[in-house]
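Heads up: the structure comes next, in C-alpha cells.
The values are calculated or read from the model by the stated rules, or taken from the named source; none is laboratory data. Remember, predicted model here, so these are calculated numbers, not experimental data. Every residue, glycine among them, receives a Cβ derived from its backbone with ideal geometry; neighbour counts consider all protein chains shown.
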Amino acid sequence: MAIAKRVPMREQDPKIRITNFDSVPLGYSAEEAVKEAKRCIQCKVPLCETGCPVRMEIKNIIQLIADEKFEEAFFLSKKDNAVPAMTGRVCPQEDQCEGVCVLDKTGQPINIGKLFAFVADLARKKDLNEELKIKENGKKIAIVGCGPAGITCAVDLRKLGYQVTIFEALHMAGGVLQYGIPAFRLPRDVVDYELSYLEKIGVDLQLNQIVGQNIAFEELKKEYQGVYIATGAGAPRFLGCEGEKLKGVYSANEFLIRVNLMKAYKFPDWDTPIICGNSVGVIGCGNVAMDAARCAKRLGAKKVYVLYRRTKECAPARNEEIHHAEEEGILFREMIAPCKMFGNEDGWVTGMQMVKTEFKGCDKSGRPSPVYIKDSEFVIELDTVINALGTSPNRLFLSNVEGLDTHSWGGIKTDENFMTNIPGVFAGGDALTGGSTVIEAMGNGRDAAEAIDKFVTGDA
Amino acid sequence: MKHTITRKEVLNSADYLIDVVAPNVAKRFVPGNFCVLITIPEGERIPMSIQKVEGDIITLYFKKLGKTSRELDTWKVGDSIYKIIGPMGSPPPIKKYGTVVFASDLVCGHAENWAMCEILKKIPGNHIISIQSFPTEADIYPDKELCEPVADEFILATEDGSRGVKGHYLDVLQKLLEERKIDQVFAGGGIPPLQKISELTKKYNVPVYTTVRQIMVDATGMCGSCRVFIDGEQKLACIDGPMFDGHKVDWEAAISRLAMFTTKEAQAMDCLNEKMKGVK
C-alpha cells in the first residue's frame, strides 16, 4: 500500500518571504526526494506520461530517483525537456501529470514537479552535462523569439544536427521565463543556468535582434532552410474602460517587466523605477494576476486585492499560486467586476467603481458565466491598478511580415504540421494559441521541430 | 556588438551629441524611427531620437536631464554603450507632400527635425522649411548642427529675440500659415507646444505629424506604458508611433502620463549626485 501523503515541501515563512524575492519553496533534500519517489507505485500504464506535453518518461525518472540514481534521472529528463528545473517549478502539474496520478484517488499524487526540480537543481550545482554527439547536417534554421517554444524547438533541431539561430528582441533570453515569472517562483540562477544550455550545445543566440525591424524577414527566408515563428503573446489587454489613462494604472506585463526583467525592485541601484502604492487592485485571477499581486506585496503595498468576477475556485490560476498568495496576505474579492476608474486632479488613480456579479449559465469552456447585478455598484479605493486580463499575440513582428495568414484576434494560422501559409515558415507557442502555459508552448516547440525536420529533409 | 562612442560634442550648456557605432540600427533606419539605449547592464531601456546615420554610425542628441543622460555625459570617446536596439517605431510616409514645415524646440525634436528634413528634401516636389527655436542666443546649437543644410528654407528663432526671429516656433509657424500655403507640418520637442501646434494647424486645416514622447519599458509593444489615445483608440507609441496625427492625440493624457515617474527620477538624480560626490 502506497503512502497516502506527500513528503511536505519546506517553504520560506510567509512573513519573511514578503520582504524578499527569493524562492518560496526550499526544495527537497536527497533524502526527502527518495522518500517521495518511493511512494510511486510504478503503474503498468503510467497515466502521468499521457498528460505531459513534452512526453517525459516520468515513471522511469521517478524510479531512478527512488533508486538514488539522480544523475541518470537528470539525463533522462533532459532527453525530452531542455529546461526541467524551470518546468518543475512552473508547470501546472495538477492539471497534467499529477492530475491523473492514481494516488490522487486515495491520497495525494506524487510531487512530480518538485522531484524533477530537485534532480535538475542537483545537476546545476554539479554542472552536469550530458555527452551529446551532434552530427552536423549543414542545414540552417532561424527561430524568431527565445521563449519556451523557441528554446525547445531550437534544442530539438540542434540535436538533429541543424545550425540553429535564435533571434530575440529583448536584451535577455527566456521570454516569459525572464520578463514574466518572478524570481520567488523561478529563481534567476535557475533561469540563467538552464538557458546557458543553448550556447553549450551550439545554438546561436542573437539578442536585441528584432526581426522585421533591424533584420528583414525576407532575409531570414533566403538564408535559412526553415523559419520557426515563436514570438509569443506578450501584448497586454486593457479593460477599455474610463480611467485607463490615469497614472498608477499598469498592465500586468508592465508591472512584471519592470520588476523581473528590469529589476525595478533594486531601484535606485538599478535604473528602472516602479511606483507601487499602498492599496493595490489586481484585476483578474490567473497566474499572471497572482504574480503581480505577490510582487506588489513584496514592493511594500499594505493592501493588495485580487478583484475577480468569478470565485477563485473557477479561476485560471494554479491552486498552489492562490494558496501562496493567501498565505502572503493577498485579499481576494470575488464576484465583482470593474466598471471604471477614478482619479484626482493630478491624474493619479484613486479608486475603482465595481459591480457585483452572479452566475448565470456556463460559457463554452464550462465555467460559470458571471453577469452584473443591477444597482450593486460600489467604490473601492486604490492607488495602483494592475490589469491582469490576459495577453494577445505580439503585433510588432506580425505587422512586419507580408502575406502571413493570421486570425482576426492576431494568432498565426498554420496547417496540422504547424506550417503557415508561407512554405518553410512554421509557427508555434502562444503566437499560435494566443496564450497558454510554458509547458504547452514547449510541447508545441517539440512538435514543430519534428515537422520542420520532416519538411527540410523532404520526408513530409 | 560593440557600440563604441566615436565623437562627443557640446551643443549648449545642457545638450550634447554623441556618434556611436550601431550598424544594426543604421542599416534600416528611416526618419520617424527611434532606437532604444541601455547604457549599462543595470540601465533603463531608453527611447532615443536619431539625428543622422552615416555608414555604421548614428548620431544621438541628449539633454542632461535625467540620471542616464547625466551619467553618459561623463563618458568619453572610445567608451562603449551596453546595448543599442532598433530601429523601432512606425515612421509616417516618406513621400512627396509639397511644402513641408518641421518645427522643433527641444533636443529630441531638433534631432528629428534634421533627420526628417534631410530625407524629405531629397524627394522631388517637396519644399522643406525647417524651424528651430531656442529660449535665447546662448542655447543655440553650433551652426553645423542647425538644420540649415538639410532644408530649403531655414528659420532660426529665439523666444527673447536675442538672435534670429523673435518667438517660439509656434509664433513663426502661425505667421507662415497666414502667409503661405503649407501642405504638411511635422513637429517634435516639448509636449505642451505639440498640443498647441496641433490646435494651430487644425485651425488652418493643415495636417500635422507630432512625436508623442511617452515612457517606454520594453519598447516592443509588450508593456503598454506608452499607450496614447488617438481619436479615442488606444495605440502604443513604441510600435504604432511615436509620430501621430497631432489633431487626433489626447494631449492631456499624454502630458499627464509622461510625468508618472518624476518623483523616482528625482530620487535617481539624488543618488547619482551622491555617487559623483564620492568620485570627486
Fill in: Any chance A:Ala169 is hydrophobic (A, V, I, L, M, F, W, C) and away from every other protein chain (no Cβ under 14 Å)
no
Worksheet item: Can you pull out the residues in segment A:385-401 that are over 17 Å from A:Ala230 (Cα atoms) and more than 9 Å from every other protein chain (Cβ to nearest Cβ)?
Response: A:Val385, A:Ile386, A:Ala388, A:Leu389, A:Gly390
Worksheet item: Looking at segment A:236-267, which of its residues are touching a strand residue (DSSP E or B) at 6+ places or on another chain (Cβ under 7 Å), crowded, with 24+ Cβ neighbours inside 10 Å and among the aliphatic types (A, V, I, L, M)?
Response: A:Val249, A:Ala252
Item to complete: For segment A:408-424, state whether one or more residues are within 14 Å of chain B (Cβ to nearest Cβ) and part of a loop (DSSP other than H, G, I, E, B).
Response: yes
Worksheet entry | Filter result for A:Thr433 (over 29 Å from the mean Cα position of the chain (by Cα), surrounded by fewer than 19 Cβ atoms within 10 Å (Cβ to Cβ) and farther than 30 Å from A:Lys247 by Cα) | no
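Does B:Gly98 satisfy being over 15 Å from B:Pro31 (Cα atoms) and more than 18 Å from the chain's Cα centre (by Cα)?
Yes: the conditions hold for B:Gly98.
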Response to the item:
Pairs returned, first residue in segment A:193-205 that is surrounded by fewer than 19 Cβ atoms within 10 Å (Cβ to Cβ), second residue that is among the charged types (D, E, K, R) and part of a helix (DSSP H, G or I), beta-carbon separation under 9 angstrom, 6 or more apart or interchain, are A:Tyr197/A:Lys78; A:Ile201/A:Arg158; A:Ile201/A:Lys159; A:Gly202/A:Arg158
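So, in segment A:345-384, exactly how many residues are of a type in the set (Gly, Ala, Ser) and within 13 Å of chain B (Cβ to nearest Cβ)? Even if it seems obvious, please write down each step before you answer.
Our first condition is that a residue be of a type in the set (Gly, Ala, Ser); within segment A:345-384, this holds for A:347, A:351, A:361, A:365-366, A:369, A:376.
Those left that are additionally within 13 Å of chain B (Cβ to nearest Cβ): A:347.
Total meeting the criteria: 1.
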Discussion item. Give me the helices (runs of 4 or more DSSP H) completely within segment A:60-172, filtered to those with at least 3 residues that are buried (at least 22 other Cβ atoms within 10 Å of the Cβ), ordered by residue number.
Written reply: A:70-80, A:84-90, A:112-126, A:148-159
Worksheet item: Residue check: is B:Tyr61 part of a strand (DSSP E or B), crowded, with 22+ Cβ neighbours inside 10 Å and more than 12 Å from every other protein chain (Cβ to nearest Cβ)?
Response: yes
Item to complete: Check segment A:336-352 and report whether any residue there is at pLDDT 95 or above and either of a type in the set (Asp, Glu) or over 28 Å from B:Ser256 (Cα atoms) (or both).
Response: yes
Item to complete: Kindly indicate whether A:Gly99 is closer than 30 Å to A:Asn394 by Cα and of a type outside the set (A, V, I, L, M).
Response: no
Fill in: Long-range neighbours under 8 Å by Cβ, at least six apart or interchain, first residue closer than 14 Å to A:Lys221 by Cα within segment A:387-403, second crowded, with 17+ Cβ neighbours inside 10 Å and polar (S, T, N, Q)
A:Asn400/A:Gln213
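Give me a count of the residues in segment B:225-269 that are at positive phi and in contact with a Phe, Trp or Tyr (Cβ under 7 Å, 6 or more places away or on another chain). Show your work before the answer.
Taking segment B:225-269 as the starting set, the residues that turn out to be at positive phi are B:231-232.
Next cut, in contact with a Phe, Trp or Tyr (Cβ under 7 Å, 6 or more places away or on another chain) only: none.
Going through segment B:225-269 one residue at a time, the tally reaches 0.
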Practice prompt. Return only the number of the condition from (1) without any contact (Cβ under 8 Å) to a residue 60 or more places away in the chain; (2) in a loop (DSSP other than H, G, I, E, B) that A:Pro53 does not satisfy.
Written response: (1)
Worksheet item: How many residues are under 18 Å from the mean Cα position of the chain (by Cα), part of a loop (DSSP other than H, G, I, E, B) and either without any contact (Cβ under 8 Å) to a residue 12 or more places away in the chain or within 11 Å of chain A (Cβ to nearest Cβ) (or both) when one looks only at segment B:18-43?
Response: 2
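Filter segment A:425-441 down to the residues that are farther than 14 Å from A:Leu157 by Cβ and outside any loop (DSSP other than H, G, I, E, B) and list them by number.
Residues satisfying the conditions are A:Val425, A:Ala427, A:Asp430, A:Ala431, A:Leu432, A:Thr433, A:Val438, A:Ile439, A:Glu440, A:Ala441.
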Worksheet item: Can you name every residue in segment B:97-131 that is of a type in the set (Val, Ile, Thr) and either part of a helix (DSSP H, G or I) or in contact with a strand residue (DSSP E or B) (Cβ under 9 Å, 6 or more places away or on another chain) (or both)?
Response: B:Thr99, B:Val100, B:Val101, B:Val107, B:Ile119, B:Ile128, B:Ile129, B:Ile131
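In segment A:214-331, which helices (runs of 4 or more DSSP H) lie fully inside it and hold 1 or more residues that are within 11 Å of chain B (Cβ to nearest Cβ) and farther than 30 Å from A:Pro423 by Cβ? Working first, answer last.
Details: elements: A:217-223, A:252-256, A:287-298, A:319-327.
Qualifying helices (runs of 4 or more DSSP H): A:252-256.
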